[in-house]
Amino acid sequence: MTERSCSRRGFMRFCGSAATLATASPSNAQAAVAPEQAYAPATLVWPDGSRVTGDSLEPEREFVFFYPYRSTPCFLLRLSAPASAGMALTGSAGRTYRWYGGVGPDRAVVAYSAICAHKLSHPSPSVSFIGYRPQPVGYLGEGNRVQRRAGVIQCCSEHSIYDPAQGASVVSGPAPYPLAAIGLDDKGAGLIARAVHGEPVFDRFFERFGFRLALEFGEDQFHQPVGEATVVQATEQFTRQRIQC
């Protein structure tokens, strides 16, 4: 056996051992990853039952649908520019996860949980304190200086600001991590919700608002999967009062 072959075998053994250790070690980067959470797919449809396509969405207009449960609201947006793809974001306990960007025309169609990651503000039929702002809004930036920015999701309950073009990452405010992203498929025939990326707050949401949700959706229904299809409607048609701040 030559010296070169010995060295090569030793190198391969070393690489194999290192890979095994990296997989087994709880301190490696993979151990910190919050994996995509797959749910039963649901086709996005308009109130008349026709399928929602990226082209059928009015740019810069906010839409609401429910996923993955009957009572968990989500935002659907077609942004004015492509959303960033392949971003690594940080959730709770320092866990990282990957957001894969937008779909549809110019990859500008995105969807997020509409439940604020801070105190669970969300759109309801009576009122919504959280929503997309195509117009510039003010917020405290670095050094507590007031900044203005358009194209953000703003929660008026505690003034958290999220960037929907960057995986709903936190721009400002007390929110501890980004809004959970809804994984969408767009295969030409229409949009399909299929997964959740990031840190869903569904358990906290059910615990805090379960009594009201039971009245609105039914005691045995509010925590059930949304089903094979979920209706999309403009937020102004869903909620009576949209709070601006």
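Just so you know, all these numbers are worked out from the coordinates, no wet-lab data involved. Since the model is a prediction, treat every value here as computed from it, not as a measurement. Here the Cβ positions follow ideal geometry from the backbone for every residue, glycine too, while neighbour counts run over all protein chains shown.
Observations
- Candidate values [x] 180; [y] 126; [z] 210 were compared with volume of the Cα convex hull per residue in Å³ computed on the shown model; the agreeing label is [x].
- Label-point separation, ALA85 to LEU140 (7 Å along Cα→Cβ), nm: 3.8
- Rounded to the nearest 0.05, the FRET efficiency derived from the C-beta distance between GLU228 and ARG148 at R0 = 51 Å is 0.75.
- Taking the C-alpha atoms only, the angle from helix 202-217 to the longest principal axis of the chain is near 30 degrees.
- Acute angle (nearest 10 degrees) that the helix 3-24 long axis makes with the longest principal axis of the chain, alpha-carbon atoms: 30
- Computed over the chain: relative contact order in percent, which uses C-alpha pairs under 8 Å that are six or more apart: 26
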